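The values are calculated or read from the model by the stated rules, or taken from the named source; none is laboratory data. Model, not experiment: these values are computed from the prediction. Cβ atoms come from the backbone with ideal geometry, glycine included; neighbour counts cover every protein chain shown.
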Amino acid sequence: MQAAIWAYPWDLLDEGVETVADRLGEMGVTEVNLATNYHSVQTFLPHNPERRTFFAHASSYFQPGDGYDGITPVPNETMGEDDWLERIVEEIADTHLTLNSWTVGCHNSRLGMKRPDLTLESPHGDSLVFGLCPSNPAVQSYLTNLVEDLDARAPFERIELETFDYFYGTGFGWHHDKYHTRLGTLGEFLFGLCFCDHCRSNAADAGIDVERARETCRTTVDGLAEGNLDPERSVEEWLDGHPTVADYVDVRTDTLADMFRTLGDAVTDAELGYYVGFVGADRSWMHGADLEALADSVDFYTVMAYESSREAAVEQYQTALKLSGDVPVHAGVLPGHPSVYDSQTTREIVDGLAEAGAPRLSFYNYGLLPEHNLTWIENALETYPN
Ligand SMILES: [Zn+2]
């Protein structure tokens, strides 16, 4: 079983790439999933020698190449003229570590603020600035250019995709969220269901009564907000009773499958992976992702098994496996707050996923975990020497 760890450029550069590589070698970790293009973030860094926190707007951690048309990643301000990715590529070449790109796609509030015409549009017509809409051809080009650029500029073994999909909902705590209304899963889903020009036009082409779908979403969100509908109601059941909206939702899965074919063709040197299960692997469809349909275009999935017990982690893994077609499923593990608080549970989760057949685990995350949590990873991986 292979072992990787997610990391930020500042984790490696502040501590020194060689020092981090030595520590990861002791732990049994052989791969780094390095953030390359990322959403806005504030980190707490318990063992960083230079700082305790790092704040960044959505940005790239490299200087973008010339191959972009229309939308270009915004390089991180702290980086200045430097190119963190280039430095890490150079320095990591002398270590035992292989490098993967941890690549955030549609969740980008900086690009969304700059270009509201590219964002998801709520049923009520609001621009949801935290998420670019993958139905928009300009966004599709941006995502394709991004992975092409990454594939060409660095010897990544894997390019891993996060939020290359419909990033619906309340925006993942992106900016002082103020929700004092109980929308429930259904309300959050419908609030974030995109009705931009491109989503509407795709659905109209498929013969769907778009205005009816939109009106149904609007009245349901408002009904939930007013407390007239049950916020605990299952989204699947609700869609069964509202086939126009269900058909509207289905069109997005075809759009995403088409886009993934383009992404798959764009990446020639690295393996392509896609992160699933941020709200449960069985709810991938809520992001427009039909894992069986995307299976032709990716080399693997990584399911987020950020659970507190072996049973729950294995259940996430097995759910993803059932949905994934023939594509191998890797797993992400969070051996820290708010999921896991001891070495024994870390070991149980790792053993459970290994026994369930996971060929590779990724741990979240080098700079965010305290030193003693890194030791838990080391203990858990003792059984799986690389
Ligand atoms: Zn849209």
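Here Glu86 meets each of (1) within 25 Å of Met286 (Cα to Cα); (2) out of contact with any helix residue (DSSP H, G or I) (no Cβ under 7 Å at 6 or more places or on another chain) with one exception, condition (1). Filtered by the rule that a residue be more than 20 Å from the chain's Cα centre (by Cα) and part of a loop (DSSP other than H, G, I, E, B), segment 73-111 gives Glu77, Thr78, Met79, Gly80, Glu81, Asp82, Asp83, Ala93, Asp94, Thr95, His96, Leu97.
Of the listed requirements (1) over 24 Å from Leu132 (Cα atoms); (2) assigned to a helix (DSSP H, G or I), Asp269 misses just one: (2). Restricting attention to segment 143-156, the residues that are touching a Gly at 6+ places or on another chain (Cβ under 7 Å) and either over 15 Å from Gly264 (Cα atoms) or within 16 Å of the ligand (Cβ to nearest atom) (or both) add up to 2.
For Leu146, are the conditions met, namely being part of a strand (DSSP E or B) and either surrounded by 24 or more Cβ atoms within 10 Å (Cβ to Cβ) or within 18 Å of the chain's Cα centre (by Cα) (or both)? So Leu146 does not fit the description; no.
Out of curiosity, is Glu26 of a type in the set (Asp, Glu), surrounded by 18 or more Cβ atoms within 10 Å (Cβ to Cβ) and either under 27 Å from Pro335 (Cα atoms) or in contact with a strand residue (DSSP E or B) (Cβ under 6 Å, 6 or more places away or on another chain) (or both)? Taking the combined requirement at face value, the residue does not satisfy it. When segment 112-130 is filtered for residues that are of a type in the set (Ser, Thr, Tyr) and either more than 14 Å from the ligand (Cβ to nearest atom) or part of a strand (DSSP E or B) (or both), the ones remaining, listed by number, are Thr119, Ser127. Counted as qualifying within segment 163-236 are the helices (runs of 4 or more DSSP H) with 3 or more residues that are out of contact with any helix residue (DSSP H, G or I) (no Cβ under 8 Å at 6 or more places or on another chain), namely 197-205, 210-225. If you filter segment 270-290 down to residues that are more than 17 Å from Tyr168 (Cβ to Cβ) and more than 14 Å from the chain's Cα centre (by Cα), you find that the one that is surrounded by the most Cβ atoms within 10 Å (Cβ to Cβ) is Ala270.
So, in segment 51-103, how many residues would count as being closer than 25 Å to Phe130 by Cα, among the charged types (D, E, K, R) and in contact (Cβ under 8 Å) with a residue 24 or more places away in the chain? So the answer is 1. Every condition in (1) charged (D, E, K, R); (2) loosely packed, with under 15 Cβ neighbours inside 10 Å; (3) more than 15 Å from the ligand (Cβ to nearest atom); (4) modelled with pLDDT of 95 or more is met by Arg182 except one, and the failing one is (4). Counting only residues that are over 24 Å from the mean Cα position of the chain (by Cα) and among the aliphatic types (A, V, I, L, M), segment 21-59 holds 2 of them.
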